[in-house]
1. Among the residues of the stretch 86-121, write down those that are among the aromatic types (Phe, Trp, Tyr) and more than 22 Å from residue 36 (Cα to Cα).
2. Could you tell me which numbered condition residue 214 fails, if it satisfies all but one of (1) modelled with pLDDT under 95; (2) among the hydrophobic types (A, V, I, L, M, F, W, C); (3) touching a Leu at 6+ places or on another chain (Cβ under 6 Å)?
3. Could you tell me how many of the residues in the stretch 136-166 are of a type in the set (Ser, Thr, Tyr) and free of Cβ contacts under 8 Å to residues at least 40 places away in the same chain?
4. Taking the residues in the stretch 54-81 that are part of a loop (DSSP other than H, G, I, E, B) and touching a residue at least 24 places away in the same chain (Cβ under 8 Å) as candidates, determine which candidate is farthest from residue 160 (Cα to Cα).
5. From 208, 110, grab the single residue that is under 18 Å from the mean Cα position of the chain (by Cα) and either modelled with pLDDT under 95 or in a loop (DSSP other than H, G, I, E, B) (or both).
6. Does residue 83 count as surrounded by fewer than 14 Cβ atoms within 10 Å (Cβ to Cβ), at pLDDT 65 or above and among the hydrophobic types (A, V, I, L, M, F, W, C)?
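The values are calculated or read from the model by the stated rules, or taken from the named source; none is laboratory data. Please read these numbers as outputs of a predicted model, since none were measured by experiment. Don't worry about glycine lacking a Cβ; one is built from the backbone with ideal geometry, like all the others, and counts go over all protein chains shown.
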Amino acid sequence: MEQKQGIVAVLDALGASTYNEREISQFLNSRERVLELLRRTANAKEVRGDMKIDLVTTFTFNDTVLIVYQTLGPVTFKDVKHFCLLLRKFMVDSLEQGILFRGSVSIGNFYVDDESNTVMGAAVTDAAAWYDSAEWIGVNATPHATLVIQGLFKGRKDLDHLLVDYLVPLKNRPSLILKAVNWPKAFYVKGLRPVKEGENARAKFLEFLTRYKVPKGTESKHFHTVDFFDHCVRLWIEQKKLKAKKT
């Protein structure tokens with residue numbers, strides 16, 4: 001297998017392991033719709049040219065999805081930007097389809113074997129080690145990827161609409177400040193938001209979040225997700241006020 005470079009996301013669907021036959025069928029149909037929307041996003045105007053559709057590959061294992069982006073060289077600032085565009089849209093599409101994904105993003109080397117539909121290597125191992133660690137619905141960079149991204153960003157803050165620094169709540173360990181995909185912002189972006197005219201974005205988000213029961217012991221994941229949504233919205237409002245003062 002040839003060694004590749006790029007970005008890897010490992011995501012699992014919360015609650016899918018307890019689905020009954022009807023829910024499994026619904027999940028598989030919803031997952032296929034979401035993956036098709038992902039393929040469309042990878043070929044959308046805003047990423048076309050920098051991210052070729054044939055460089056984005058998905059793998060599915062039970063309730064887990066891997067999204068692999070093979071870059072043409074070492075990962076760059078633009079690569080991170082375009083991959084986050086994909087993940088932001090993917091998360092909102094998933095919520096709308098009733099799938100609550102939680103996962104992690106890694107950066108580095110990996111191997112892909114198309115014949116056996118296999119992907120493995122350091123970047124996959126890193127993402128797989130952290131994908132189920134966060135106590136929420138969302139996507140965060142691994143500690144290693146967070147440091148790599150900080151180096152690529154060099155203090156830039158103009159991508160807060162895609163990727164934010166956040167104290168991510170972790171399972172059985174102290175919270176860490178990691179880079180997290182700012183998917184809540186998509187609820188306020190024209191062309192992305194799953195909100196009809198006159199609907200409240202936060203109310204629509206809560207509607208998606210509460211479509212299914214919240215089993216005892218998992219409630220913290222939902223409340224942490226609401227906290228993150230509100231944090232991202234506050235950040236967006238503060239940035240709008242700062243821009244207004246400068247003009």
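1. Step one: of the stretch 86-121, the residues among the aromatic types (Phe, Trp, Tyr) are 90, 101, 110-111.
Scanning the stretch 86-121 gives 110, 111.
2. (3)
3. Just the residues of the stretch 136-166 that are of a type in the set (Ser, Thr, Tyr), to begin with: 142, 146, 166.
With the extra rule that they be free of Cβ contacts under 8 Å to residues at least 40 places away in the same chain, the set shrinks to 142, 146.
Residues flagged as of a type in the set (Ser, Thr, Tyr) and free of Cβ contacts under 8 Å to residues at least 40 places away in the same chain within the stretch 136-166 amount to 2.
4. Residues of the stretch 54-81 part of a loop (DSSP other than H, G, I, E, B): 62-63, 71-76.
Keeping just the survivors that are touching a residue at least 24 places away in the same chain (Cβ under 8 Å) gives 62-63, 71, 73-76.
On the way: 62: 32, 63: 29, 71: 22, 73: 25, 74: 22, 75: 19, 76: 17 Å.
Result: 62.
5. Values: 110 fails: under 18 Å from the mean Cα position of the chain (by Cα).
Exactly one of 208, 110 is under 18 Å from the mean Cα position of the chain (by Cα) and either modelled with pLDDT under 95 or in a loop (DSSP other than H, G, I, E, B) (or both), namely 208.
6. On the way: surrounded by fewer than 14 Cβ atoms within 10 Å (Cβ to Cβ): no; at pLDDT 65 or above: yes; among the hydrophobic types (A, V, I, L, M, F, W, C): yes.
In short, no.
For every residue, the table says whether it meets (1) surrounded by fewer than 16 Cβ atoms within 10 Å (Cβ to Cβ); (2) out of contact with any helix residue (DSSP H, G or I) (no Cβ under 7 Å at 6 or more places or on another chain); (3) of a type in the set (A, V, I, L, M, F, W, C).
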{"residue": "162", "(1), (2), (3)": "no, no, yes"}
{"residue": "169", "(1), (2), (3)": "no, no, no"}
{"residue": "177", "(1), (2), (3)": "yes, yes, yes"}
{"residue": "184", "(1), (2), (3)": "no, no, no"}
{"residue": "198", "(1), (2), (3)": "yes, yes, no"}
{"residue": "208", "(1), (2), (3)": "no, no, yes"}
{"residue": "218", "(1), (2), (3)": "yes, yes, no"}
{"residue": "227", "(1), (2), (3)": "yes, yes, no"}
